[in-house]
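Structure first, commentary second.
The values are calculated or read from the model by the stated rules, or taken from the named source; none is laboratory data. Computed from a predicted model, the values in this text were never measured in an experiment. Quick reminder, even Gly has a Cβ in these numbers, built from the backbone with ideal geometry, and neighbours come from all protein chains shown.
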Amino acid sequence: MYSEKVMDHFTNPRNVGEIEDANAVGNVGNPKCGDIMKIYMKINDESEVIEEVKFKTFGCGAAVATSSMATEMVKGKTIEEALAVTNLAVAEALDGLPPVKMHCSNLAQEAIHSAIADYYNRKGIDPTGIVGCNGCCEACHGHHDEEEE
Amino acid sequence: MTKRVYADHSATTPLKKEVLDAMVPYLTENFGNASSIYLEGRESKKAIETAREQVAKAIGAQSNEIYFTGSGTEADNWAIKGVAYALAEKGKHIITSAVEHHAVLHTVKALEKEGFKVTYLPVDEYGMVSAEDVKNAITDETILITIMFANNEIGTIMPIEEIGKIAREKGIIFHTDAVQAVGMEEIDVEKMNIDLLSLTAHKFYGPKGIGALYIRKGVKIKRFIEGGAQEKNKRAGTENVAGIVGLGKAIELATTDIAGKKEKLSKLRDFYIKEVMERIPFTRLNGHPTKRMASNANISFEFIEGESLLLMLDMKGISASSGSACTSGSLDPSHVLLAIGLPHEIAHGSLRVTFGDSSTMEDAKYIADSLVEIVTRLRDMSPLYEDAVKSGRV
């Protein structure tokens, strides 16, 4: 059912953990639906490069594997590059996900956006214009409605 | 290759050698259509009638009350729709429980769309239906009570005899889905006042694709499949002779020493439950502590998700199942775990282990040992566990 790459990232997930002094934290999903992803980043204020990234995920095999792959894909990238990582790109990098599991790849993308929005919020900058609205309210901390209106 | 430890006997069981041996002649030389009048047909007919007697004997019925079906699901569908349609003029109310198998739940849901009224009785924290609730739910319109014998997910054994007594006193037809119970619990349709009972062979070391419905003599029921005159004109279609022979042999073997089997399985089960609960914190046993199937242990592990657990167990050679949404193909976790009051996140982290004939104490120990390792690993990467640690709960 899962590709070898998914199983590899599920069995040996990359970047699991926390970053004590992270300056960007994203937390998406909810326990009711059975998947939650928390992502920690350390972003260089000068270069805007994501220097460190860690995650913790509660979820199925696909949720863990997409979390792992997504952190690999944004590590060492600039904020702009990280925001361009789509859920489809994460799924493709894993050699695809079963159709019923595609929604799990949204979790990773939302988590990245949520963390970057948090980074700007901490600096007192409204992230809406930069992070954009991906339909996930948590990614921009409730700015979704305002943008719609 | 890693050795495999199969611990999903409530999902299905392997075919017993004796059962296969009994079936093979009816797949090869004795291939006759049981409706044919010549020798080959008569041989098949004879084999079917022998199996019918074996099934009847196993549940305390008469052989002319046993009808073969293609599955346990078909038996459930037939029992419920067959009675509903036959008695629709008398009333349109059906009583069932919130924890039935989908073969029952989806069937009554379909009837609701046709204008039938259905009462879904709640269960207590152990998944038990109350006989008193059944009694109180009965109205003048009630035509059928359908309550499972034993729950497939959490193993809780329902008060079937009490419910049967109530149904009989009120003159209401009583159906029980006994798919999990046959071969695991003593069943006597006379003593328990059961009017209809569904069963399937593959849960007790018989072949897949063959089930049976017991229909008490005199119960009004519509035929389910139109066609030829098989099964006394009630269930058309050329008989699956080899499957029927396999069902007969398997049920005979499965019901010879139920007490002995229960003793052996409950020892394994209790050892496994004790090991897991003692060694892993933040766990919960789902189902009734004593009134449960001897084979079943359903445990929830907080802060982790069931599919991840199953994948890691599989890598260690262990086959089990879960009530998580990811394994149910929907976004909601098991309706049974929600019905016993588990919050979603705990229901997502449940694991059902079901032991069987081949299970050993070493298997039980190996599964528990593996779980200690896997649960720790998954909790280490769980944000819910991290939150619990930070809030001082852990």
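Structure notes:
- Test: residue in segment B:142-163 that is surrounded by fewer than 17 Cβ atoms within 10 Å (Cβ to Cβ), more than 25 Å from B:Thr290 (Cα to Cα), more than 17 Å from the chain's Cα centre (by Cα) and β-branched (Val, Ile, Thr): no
- Meets criteria (over 24 Å from B:Gly60 (Cα atoms) and of a type in the set (A, V, I, L, M, F, W, C)) for B:Leu247: no
- Filter pass, B:Ala242 being over 21 Å from B:Ile154 (Cβ atoms), more than 21 Å from the chain's Cα centre (by Cα) and more than 14 Å from chain A (Cβ to nearest Cβ): yes
- Within segment A:115-138, being under 21 Å from A:Ala22 (Cα atoms), small (Gly, Ala, Ser) and at pLDDT below 95 holds for one residue alone: A:Gly124.
- Some residue of segment B:163-177 being among the acidic types (Asp, Glu), in contact with an Asp or Glu (Cβ under 7 Å, 6 or more places away or on another chain) and within 24 Å of B:His106 (Cα to Cα): yes
- Test result for A:Gly61, within 12 Å of another protein chain (Cβ to nearest Cβ) and either free of Cβ contacts under 8 Å to residues at least 40 places away in the same chain or crowded, with 24+ Cβ neighbours inside 10 Å (or both): yes
- Out of B:Gly246, B:Gly317, B:Gly306, B:Gly227, one residue alone is without any contact (Cβ under 8 Å) to a residue 24 or more places away in the chain and over 23 Å from B:His175 (Cβ atoms). It is B:Gly227.
- Any chance A:Met37 is among the hydrophobic types (A, V, I, L, M, F, W, C), touching a residue at least 40 places away in the same chain (Cβ under 8 Å) and not in a strand (DSSP E or B): no
- Of the residues making up segment B:216-274, those that are at pLDDT 95 or above, out of contact with any Phe, Trp or Tyr (no Cβ under 9 Å at 6 or more places or on another chain) and hydrophobic (A, V, I, L, M, F, W, C) number 5.
- Residue tally, condition surrounded by 13 or more Cβ atoms within 10 Å (Cβ to Cβ) and more than 16 Å from B:Asn33 (Cα to Cα), over segment B:220-244: 7
- Any hit, segment A:78-90, residues being within 14 Å of another protein chain (Cβ to nearest Cβ) and surrounded by 15 or more Cβ atoms within 10 Å (Cβ to Cβ): no
- Qualifying positions in segment A:114-128 - free of Cβ contacts under 8 Å to residues at least 12 places away in the same chain and surrounded by 16 or more Cβ atoms within 10 Å (Cβ to Cβ): A:Tyr120
- Residue satisfying condition, being more than 19 Å from A:Gly29 (Cα to Cα) and crowded, with 21+ Cβ neighbours inside 10 Å, within set A:Leu107, A:Leu94: A:Leu94
- Of the residues making up segment B:204-219, those that are closer than 19 Å to B:Val83 by Cα and surrounded by fewer than 21 Cβ atoms within 10 Å (Cβ to Cβ) are B:Arg216, B:Lys217, B:Gly218, B:Val219.
Yes/no matrix, rows are residues, columns are (1) part of a helix (DSSP H, G or I); (2) closer than 17 Å to B:Gly306 by Cα; (3) modelled with pLDDT under 95:
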residue	(1), (2), (3)
A:Gly29	no, yes, yes
A:Lys32	no, yes, yes
A:Glu46	no, no, no
A:Lys54	no, no, no
A:Met69	yes, no, no
A:Glu72	yes, no, no
A:Ala82	yes, no, no
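- Test result for A:Lys101, over 24 Å from B:Met315 (Cβ atoms) and either within 12 Å of chain B (Cβ to nearest Cβ) or touching a strand residue (DSSP E or B) at 6+ places or on another chain (Cβ under 6 Å) (or both): no
- Qualifying residues in segment A:7-27 (those that are assigned to a loop (DSSP other than H, G, I, E, B) and acidic (Asp, Glu)) - the one farthest from B:Ser334 (Cα to Cα): A:Asp21
- Among (1) in contact with a helix residue (DSSP H, G or I) (Cβ under 6 Å, 6 or more places away or on another chain); (2) of a type outside the set (Phe, Trp, Tyr); (3) closer than 14 Å to B:Ala75 by Cβ, the one test that B:Gly183 misses: (3)
- Test: residue in segment A:60-75 that is over 16 Å from A:Thr11 (Cα atoms) and in contact with a helix residue (DSSP H, G or I) (Cβ under 6 Å, 6 or more places away or on another chain): yes
- Set A:Met1, A:Met41, A:Met7: member being under 22 Å from B:Ser324 (Cα atoms) and more than 9 Å from chain B (Cβ to nearest Cβ): A:Met1
- Qualifying residue in segment A:66-74 (condition: more than 12 Å from chain B (Cβ to nearest Cβ), of a type in the set (A, V, I, L, M) and free of Cβ contacts under 8 Å to residues at least 24 places away in the same chain): yes
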